[in-house]
Amino acid sequence: MTGPWRGSALFVGVAAVIGAAAAARFAAAEDAAPAMADAPSSETTTSGSSDSSSPSASSSADDTDSSTPSSTSTASSDDSAGSDDTEETVVGSTSSTPYGSVQVSVTFKGTTITKVDVLQAPNDQQSDGATPTLASEVVEAQSAKVDTVSGATYTSEAYLESVQYAIDHR
Amino acid sequence: MTSTSVPSNLGPGPVPTASAVRTASRRRADALTGVLLRGIVAAAAAAAIVFWWTTTPDDATASAGTAVTSVAELAGLVLGVLVCAQVLLVARVPWFERAVGLDRLVTWHRTLGATVLLLLATHVVLMVGGQSLTTSENPWSALWSLNRAVPDLLWALVGGVLFLAVAATSARVVRRHLPYEAWYATHLGTYLAIYLTFWHQVRGGAHLFASPTARTLWYAMYLATAACVLVWRVGLPLVRQARGVARVERVVVEADGVTSVWLGGRAVERLRAQAGQFVLVRFLVRGHLGTAHPYSLSTVPDGARVRLTVGALGDHSGRVGALAPGTRVVVEGPYGRFTADRARHHGVLLVAGGAGIGPVRAVAEELWRRGHDVVVLHRARSERVLALAGELRDVPGLRYVPLVGRRAELGHDPLAAGSVKALVPDVARRDVFLCGPASLCRDVERTVRSLGVPRSAVHYDELSFEEQR
C-alpha cells in the first residue's frame with residue numbers, strides 16, 4: 001500500500017543530497033579561492049573586499065592623500081582632474097549573468113581608456129572568445145557604448161555594464 | 001493435487017497456460033530489473049549532481065545571492081532528470097511493465113510526483129531568492145529581472161503553472177471528487193508543460209548552456225523519453241487497433257451491481273494475458289469513448305475470448321450493463337502482476353472483497369490447475385452481491401468459503417485474526433493473494449502478517465481495485 005507521505009519523504013531525501021552536494025562544492029570552492037586570486041591578470045581579488053590593496057590601483061592616491069588607501073570596489077577617484085598623465089585603474093561593478101558574474105577593471109591614462117582587464121567572467125567558450133574583442137572595442141570607442149558580441153550577449157552586456165560603471169566612478 | 005478431471009464450472013479446455021513455464025530464474029531477473037530501474041534513475045540524478053559540481057565556478061560563493069542561485073540550478077538539474085523518469089514510468093515500456101508491473105510503476109509515479117512538485121517549488125523559490133539577494137530587489141521584481149535575463153523563462157513559468165494544475169488535480173483529496181475525464185485531460189497537459197519548460201533549461205540554464213556535451217546528452221534524454229511515449233503510448237495502441245478490434249460478445253449480470261463482459265475478436269486472440277491481469281478497455285460507443293478503464297480478467301484466458309467482471313463502483317462502470325453485443329472495443333494490455341506466478345508455496349489463500357472476486361476467481365483457477373492447495377475467502381455484504389460463487393463452489397481440491405453479512409449484523413468481523421486462523425489453520429505456510437477495497441486489503445494484510453505470514457508471501461495489485469471505476 002502506498003504511504004501518503006512517501007513522496008514528501010523522498011523529497012526531503014533529495015533535498016538533503018542537494019544541500020550536502022552544494023555545501024561540499026562550496027567548501028571546495030573556498031579552498032580553491034586563494035589559488036584563484038593569482039590566476040587572473042588583475043590587481044584585485046575577485047571577492048572585492050579583501051585587504052590586498054593593489055599598489056597599481058592607487059597610484060594616483062599618492063597625489064591627494066585624501067582617499068582611503070585600500071580602495072577596492074570603486075577605486076580611488078578623488079584625484080584632481082588636472083593630473084592628466086597619471087595612470088589609474090578603476091574596478092567596475094560586478095554584473096551577474098545566468099552563466100556567472102562579470103567584473104572588469106578599466107585603466108585610464110588621464111581621461112583616455114588604455115586597457116580593460118577581466119577580473120571575473122563565466123568560465124565558458126563564449127566569454128573567453130568575447131572579452132578580448134570587447135576590450136579592444138571599448139579602447140577604440142573610448143566608451144562602453146559598443147556592439148555586443150553575438151553568441152555572447154549576456155557576457156557582453158554585463159561586461160559593458162561593468163565598464164560603464166568604472167567610467168562613471170572614475 | 002493432481003486431478004485430471006476438469007469440473008465443468010471451472011471453465012473448459014486443456015491447460016495450455018504459457019505462464020506455467022515461467023521459472024524462478026525469470027522471477028529473479030524481473031526483481032533485478034526493478035532494482036536496476038530505480039538504480040538508473042538514482043544514477044541519472046547523481047550524474048546531474050556531478051555535472052553541476054564540475055561546471056559550477058569557484059566564485060559561486062562570492063555572495064549569498066550567487067550561492068543560492070547555484071543551489072537553485074542544482075535543484076533544477078535534478079528536477080529535469082526526475083521529470084523524464086516520471087514520464088518513463090508511465091510510458092508503458094514493455095520491459096518495465098513486465099519487470100515491475102503497472103501497479104507499482106503507477107505507485108512510484110505518484111510518489112515521485114510529489115517529490116517533483118516540491119523540487120519544482122524549491123527550484124523556483126531559490127532562483128527568485130538568489131536573484132533577489134544578488135540584485136537587492138524584492139522577489140517580484142527579481143522574478144521580472146530574471147525573466148529579462150533568461151531566455152524562454154516566461155514560457156517556463158506558464159509550464160510551471162500547468163504542472164501545478166496537474167498536481168492539484170492528482171492530489172488524493174481532489175481526485176476523489178473529480179471525474180476521471182477531467183483528471184485525464186489535465187494530466188495530458190503535462191506533455192505541454194514539459195515542452196514549455198524544456199527550452200529555458202537548454203537556452204537559459206547556466207550549466208547546460210556552458211557545456212555542449214552536456215547539452216547534447218540533455219537533448220538525448222528528453223528525445224528518448226518522447227520516443228518511448230510516442231512508440232508505446234501512441235503508436236502501439238494505434239497499430240493494434242488497426243490490426244483488428246475486439247467486440248463485446250455477451251453481457252452477463254452476475255449479482256447485484258456486478259456485471260461480466262465477454263470480449264472476443266482478433267485483438268483478444270493476440271492478447272496473451274494471464275489470469276489475474278487487467279486490460280485497459282475503451283468501449284467505442286457514446287458515453288464510454290473518452291476514457292480507457294482498467295478491468296480485470298475473471299477467467300483464465302483460453303486464447304479466444306476473455307471475461308471482464310466489473311463492479312458498479314463509478315458512474316462509468318455502472319453503465320457497463322447497458323453495452324450491446326457487437327460493440328467495438330479497444331483493448332490495451334495486459335498489465336499487472338496479480339498472477340499465479342507469484343505463488344511460492346504449495347498452499348495458497350485468496351481473499352476477495354466484493355467485486356474483487358473477479359481476478360481472484362481467475363487466479364484461483366490458474367493455481368488450482370497448477371496443482372496448488374487453494375482456499376478462497378469471499379467477503380461480501382450480502383448474498384445478493386456474492387458474484388461468481390457458483391463457479392468456485394463444489395470444485396474438488398478447492399475450498400471456497402463465502403463470508404456474508406455486515407459486521408454489525410454478524411456481531412463479529414469474519415476476517416479478524418481469530419476467524420481467519422480458525423478457517424485456515426495453516427495460513428502461515430501459505431501465499432496470500434488479496435483483492436478488494438483498499439481498506440479491506442490493508443486490514444487483511446495486517447491480520448495475516450500477525451498470523452505469521454511473511455511480507456514476501458502477501459500479494460496484491462495496488463491498482464487492481466482502487467482504479468476500477
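The table for this structure:
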| quantity | calculated |
| --- | --- |
| Qualifying positions in segment B:130-155 - more than 11 Å from chain A (Cβ to nearest Cβ) and within 22 Å of A:A152 (Cβ to Cβ) | B:N147, B:D152 |
| Test result for B:R407, outside the structural domain of B:T259 (by TED's automatic domain parsing) and more than 18 Å from B:L297 (Cβ to Cβ) | yes |
| Residue that is modelled with the highest pLDDT [pool: residues in segment B:177-196 that are over 14 Å from B:W155 (Cα atoms) and aliphatic (A, V, I, L, M)] | B:L188 |
| Residue match in segment B:3-24 (condition: over 30 Å from B:L388 (Cα atoms), more than 14 Å from every other protein chain (Cβ to nearest Cβ) and modelled with pLDDT under 85) | yes |
| Residue ranges of helices (runs of 4 or more DSSP H) in segment B:134-242 with at least 3 members closer than 30 Å to B:F96 by Cα and in contact (Cβ under 8 Å) with a residue 60 or more places away in the chain | B:180-204, B:212-228, B:236-242 |
| Hey, B:S439 closer than 23 Å to B:D461 by Cα and either among the polar types (S, T, N, Q) or outside the structural domain of B:A457 (by TED's automatic domain parsing) (or both) or not | yes |
| Odd one out for B:Q86, checked against (1) of a type in the set (S, T, N, Q); (2) facing chain A (nearest Cβ under 10 Å); (3) under 29 Å from the mean Cα position of the chain (by Cα) | (2) |
| Residue in segment B:109-128 that is open to solvent by 20 Å² or more (accessible area, probe 1.4 Å), at positive phi and either in contact with a Lys or Arg (Cβ under 6 Å, 6 or more places away or on another chain) or within 13 Å of chain A (Cβ to nearest Cβ) (or both) present | no |
| Matching residues, segment B:412-459, being part of a loop (DSSP other than H, G, I, E, B), open to solvent by 40 Å² or more (accessible area, probe 1.4 Å) and without any contact (Cβ under 8 Å) to a residue 60 or more places away in the chain | B:H412, B:D413, B:P425, B:G452, B:P454 |
| Residues within segment B:70-104 that are surrounded by fewer than 24 Cβ atoms within 10 Å (Cβ to Cβ), touching a strand residue (DSSP E or B) at 6+ places or on another chain (Cβ under 9 Å) and part of a helix (DSSP H, G or I), tallied | 2 |
| Residue that is most open to solvent (accessible area, probe 1.4 Å), among those in segment B:266-289 that are touching a residue at least 40 places away in the same chain (Cβ under 8 Å) and not in a loop (DSSP other than H, G, I, E, B) | B:R282 |
| Failed item in (1) assigned to a loop (DSSP other than H, G, I, E, B); (2) farther than 20 Å from B:V300 by Cβ; (3) touching a residue at least 12 places away in the same chain (Cβ under 8 Å), with B:P402 passing the rest | (1) |
| Selection from segment B:186-204 of residues that are of a type in the set (G, A, S) and touching a Gly at 6+ places or on another chain (Cβ under 7 Å) | B:A193 |
| Complete set of residues in segment B:49-67 that are open to solvent by 50 Å² or more (accessible area, probe 1.4 Å) and within 8 Å of chain A (Cβ to nearest Cβ) | B:W53, B:A62 |
| Search result, residues across segment B:305-346 that are at pLDDT 80 or above, open to solvent by 40 Å² or more (accessible area, probe 1.4 Å) and among the aliphatic types (A, V, I, L, M) | B:A324 |
| Selection status of B:A255, open to solvent by less than 50 Å² (accessible area, probe 1.4 Å) and at pLDDT below 85 | yes |
| Residue under evaluation B:A42, criteria (1) in contact with a Leu (Cβ under 7 Å, 6 or more places away or on another chain); (2) within 11 Å of chain A (Cβ to nearest Cβ); (3) open to solvent by 20 Å² or more (accessible area, probe 1.4 Å), criterion not met | (1) |
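Here is a yes/no grid of residues against (1) modelled with pLDDT under 90; (2) assigned by TED's automatic domain parsing to the domain that holds B:V300; (3) open to solvent by 20 Å² or more (accessible area, probe 1.4 Å):
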{"site": "B:V348", "(1), (2), (3)": "no, no, no"}
{"site": "B:G354", "(1), (2), (3)": "yes, no, yes"}
{"site": "B:G358", "(1), (2), (3)": "yes, no, no"}
{"site": "B:A362", "(1), (2), (3)": "no, no, no"}
{"site": "B:E366", "(1), (2), (3)": "no, no, no"}
{"site": "B:D373", "(1), (2), (3)": "no, no, yes"}
{"site": "B:L377", "(1), (2), (3)": "no, no, no"}
{"site": "B:R381", "(1), (2), (3)": "yes, no, yes"}
{"site": "B:R384", "(1), (2), (3)": "yes, no, yes"}
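The values are calculated or read from the model by the stated rules, or taken from the named source; none is laboratory data. For clarity, every value in this text was computed on a predicted model and none was experimentally measured. When we count neighbours, we look across all protein chains shown, and the Cβ atoms used for this are built from the backbone with ideal geometry, even at glycine. Surface accessibility is based on the protein's heavy atoms, side chains included, excluding ligands, DNA and RNA. Shrake-Rupley method; radii C 1.70, N 1.55, O 1.52, S 1.80 Å.
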